[in-house]
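*Asks:* Pasting a structure below so you can have a look.
The values are calculated or read from the model by the stated rules, or taken from the named source; none is laboratory data. Since the model is a prediction, treat every value here as computed from it, not as a measurement. Methodologically, a virtual Cβ is constructed for each residue, glycine included, from the backbone with ideal geometry; neighbour enumeration extends over all protein chains shown.
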Amino acid sequence: MDPVLFDFIMNGGVDFLRTAKRSTPPINSPDCYGPFITNGYTNYAKYSYVSYISNKISLFRKSPSLVAISDQFSGCAMAYYMIDGTECIAHISLEFTSKARDEWNEYILEHYKNITKYLIFRPMRTATRLYNSLFVSNIYPPNGCNIVGLISQDGTKCFAVLTQVVRSPQGVINYNILECEDMTPYCHKCSDLSTASFRVLNDCLIPKNTAGGSW
């Protein structure tokens, strides 16, 4: 098992997620790029967390050497990139009414000369084992589920984790891990977007239709 997944499963990833969701207020500030909203949380021991905001691009600075984490994925994308030496993570809403897809692509096309490392993926990509378990095999948990996205410390690997949301009689929310999948084979990434060819740059943009093909 990959160390990133092992750490999440065995060493507090679920506890971190529960704590972040329960007790950490969103961080909103004007320190953002265009349509991006700065919204996240950092646990300086393990994780940089970027939250989901409906119809928006949620952005947070990633701390070097920490795993990036986000959740509540149903079709959205998660991205990691380095711009002008600063590591960032984003949760990009891809709901039908959202303009975030176009805003993200415009942002990348405007700033790619300043972007080096880049990785983007959809944790709920169709035709993956996790997707099939959730929808084709019909194991949707009766208490609901939360799809979690992870990106490794160096921004080269990504993972999806299917968790079951369970609320105790006392109202405490817990997450039971049902399935994990390495999504790196399905991601779109580039070690230096600033020198990428047009084909590579275009491949790193989010297409209009993410239901099939390479997305």
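*Asks:* Mind listing just one residue for me: the one in segment 166-207 that is among the hydroxyl-bearing types (Ser, Thr, Tyr) and crowded, with 16+ Cβ neighbours inside 10 Å and, of those, nearest to Met124 (Cα to Cα)? Quick ask: steps written out before the conclusion?
*Replies:* First, the residues of segment 166-207 that are among the hydroxyl-bearing types (Ser, Thr, Tyr): 168, 175, 184, 186, 191, 194-195, 197.
Imposing the further condition that a residue be crowded, with 16+ Cβ neighbours inside 10 Å reduces the set to 175, 184, 186.
Working: Tyr175: 18, Thr184: 13, Tyr186: 11 Å.
Ranking the candidates gives Tyr186 first.
*Asks:* Evaluate the following for Val165: is it touching a Gly at 6+ places or on another chain (Cβ under 7 Å) and touching a residue at least 24 places away in the same chain (Cβ under 8 Å)? Please lay out each step first, then the result.
*Replies:* Values: touching a Gly at 6+ places or on another chain (Cβ under 7 Å): yes; touching a residue at least 24 places away in the same chain (Cβ under 8 Å): yes.
The answer is yes for Val165.
*Asks:* Scan (1) at pLDDT 80 or above; (2) over 25 Å from Asn114 (Cα atoms); (3) charged (D, E, K, R) for the single condition Arg129 breaks and write down its number.
*Replies:* Condition not satisfied by Arg129: (1).
*Asks:* For segment 1-18: of the residues being aliphatic (A, V, I, L, M) and modelled with pLDDT under 80, which is surrounded by the most Cβ atoms within 10 Å (Cβ to Cβ)?
*Replies:* Taking segment 1-18 as the starting set, the residues that turn out to be aliphatic (A, V, I, L, M) are 1, 4-5, 9-10, 14, 17.
Adding the requirement that they be modelled with pLDDT under 80 leaves 1, 9-10, 14, 17.
On the way: Met1: 10, Ile9: 14, Met10: 10, Val14: 19, Leu17: 22.
Result: Leu17.
*Asks:* Where residues in segment 136-155 are β-branched (Val, Ile, Thr) and either in a strand (DSSP E or B) or at pLDDT 95 or above (or both), which of them is farthest from the chain's Cα centre (by Cα)?
*Replies:* Among those that are β-branched (Val, Ile, Thr) and either in a strand (DSSP E or B) or at pLDDT 95 or above (or both), it is Ile147.
*Asks:* Moving on. Among the residues of segment 71-98, write down those that are part of a strand (DSSP E or B) and within 16 Å of Asp154 (Cα to Cα).
*Replies:* Scanning segment 71-98 gives Met78, Ala79, Tyr80, Tyr81, Met82, Ile83, Thr86, Glu87, Cys88, Ile89, Ala90.
*Asks:* Given the residues Ser70, Ser51, which is the only one that is under 16 Å from the mean Cα position of the chain (by Cα), more than 24 Å from Ser191 (Cβ to Cβ) and either modelled with pLDDT of 85 or more or buried (at least 19 other Cβ atoms within 10 Å of the Cβ) (or both)?
*Replies:* It is Ser51.
*Asks:* Another question, then. Quick check, is Thr163 under 20 Å from Tyr52 (Cβ atoms), modelled with pLDDT under 90, surrounded by fewer than 20 Cβ atoms within 10 Å (Cβ to Cβ) and within 17 Å of the chain's Cα centre (by Cα)? Don't jump to the end; show me each part of the working.
*Replies:* Values: under 20 Å from Tyr52 (Cβ atoms): yes; modelled with pLDDT under 90: yes; surrounded by fewer than 20 Cβ atoms within 10 Å (Cβ to Cβ): no; within 17 Å of the chain's Cα centre (by Cα): yes.
Against the criterion (under 20 Å from Tyr52 (Cβ atoms), modelled with pLDDT under 90, surrounded by fewer than 20 Cβ atoms within 10 Å (Cβ to Cβ) and within 17 Å of the chain's Cα centre (by Cα)), Thr163 does not qualify.
*Asks:* Considering only residues that are touching a helix residue (DSSP H, G or I) at 6+ places or on another chain (Cβ under 8 Å) and either in a helix (DSSP H, G or I) or over 19 Å from Ile151 (Cβ atoms) (or both), which ones fall in segment 110-128?
*Replies:* Listed by number, the residues that qualify are Tyr112, Lys113, Asn114.
*Asks:* Also, I was wondering about something else. Look at segment 68-84 and say how many of its residues are under 16 Å from Ile147 (Cα atoms) and of a type outside the set (Gly, Ala, Ser). Spell out how you get there, then give the answer.
*Replies:* Within segment 68-84, the first condition is being under 16 Å from Ile147 (Cα atoms), and the residues that meet it are 68-79.
Next cut, of a type outside the set (Gly, Ala, Ser) only: 69, 71-73, 76, 78.
Qualifying residue count for the region: 6.
*Asks:* Another question, then. If you scan segment 54-76, which residues turn out to be out of contact with any helix residue (DSSP H, G or I) (no Cβ under 8 Å at 6 or more places or on another chain) and not polar (S, T, N, Q)?
*Replies:* Looking only at segment 54-76, we keep the residues that are out of contact with any helix residue (DSSP H, G or I) (no Cβ under 8 Å at 6 or more places or on another chain), and these are 54, 58-66, 68, 70, 72-76.
Result: Leu59, Phe60, Arg61, Lys62, Pro64, Leu66, Ala68, Phe73, Gly75, Cys76.
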